[in-house]
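In what follows, a structure is listed as structure tokens, so that the remarks can point back to it.
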Amino acid sequence: MKNLIMRKLYRQPSFRDNHMIQRIFHPIGQGAFYTEKHPDFNIVYDCGIIQYSKHTQLADEVVKNSFNPKSEIDILFISHFDFDHISKIKVLKETFTR
């Protein structure tokens, strides 16, 4: 019984407990793609990869798998309009539209 009580008292909050923010710096190659998953909304910071990259198809898959398929992107921040920060926005939009 004591172990059960201790586990309940000292259990780490999970993402589902509405206490946690999940922040991911995605391995997209030369470029930028970061996400934040909050309990009630999702944020994307930049979404691109350098032009003529051999990893462009891999980057597409990273973007497509960054959220649950039924998720919505509530906020998209773009730090600046260089190609390596915006080139995968089209993939993001095609994958996660309302």
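Within segment 40-73, whose backbone N sits under 16 Å from a point 7 Å along Cα→Cβ of Phe25?
Under 16 Å, as judged by backbone N against the label point of Phe25, lie 45-48 of segment 40-73.
Out of segment 25-89, which trypsin sites (Lys or Arg not before Pro) are coil in DSSP terms and have no more than 10 other C-beta atoms within 10 Å?
Answer in residue order: Lys54, Lys70.
Once you put a point 7 Å from the Cα of Lys64 and another 7 Å from the Cα of Phe83, both along the Cβ direction, what distance in nm separates them?
2.3
Quick check on the exposure proxy: order Asp82, Asp40, Asp74, Asp46 from fewest to most C-beta atoms within 10 angstrom.
Final ranking by Cβ density, sparse to dense: Asp40, Asp74, Asp82, Asp46.
So for the pair Tyr52, Glu36, with labels modelled 7 Å out along Cα→Cβ, what separation do we get in nm?
3.6
Rule-based calculations on the coordinates, nothing more; no lab input. As the structure is a computational prediction, the values presented were derived from the model and not from experiment. Here the Cβ is made from the backbone with ideal geometry for all residues, glycine too, and neighbour counts use every protein chain on show.
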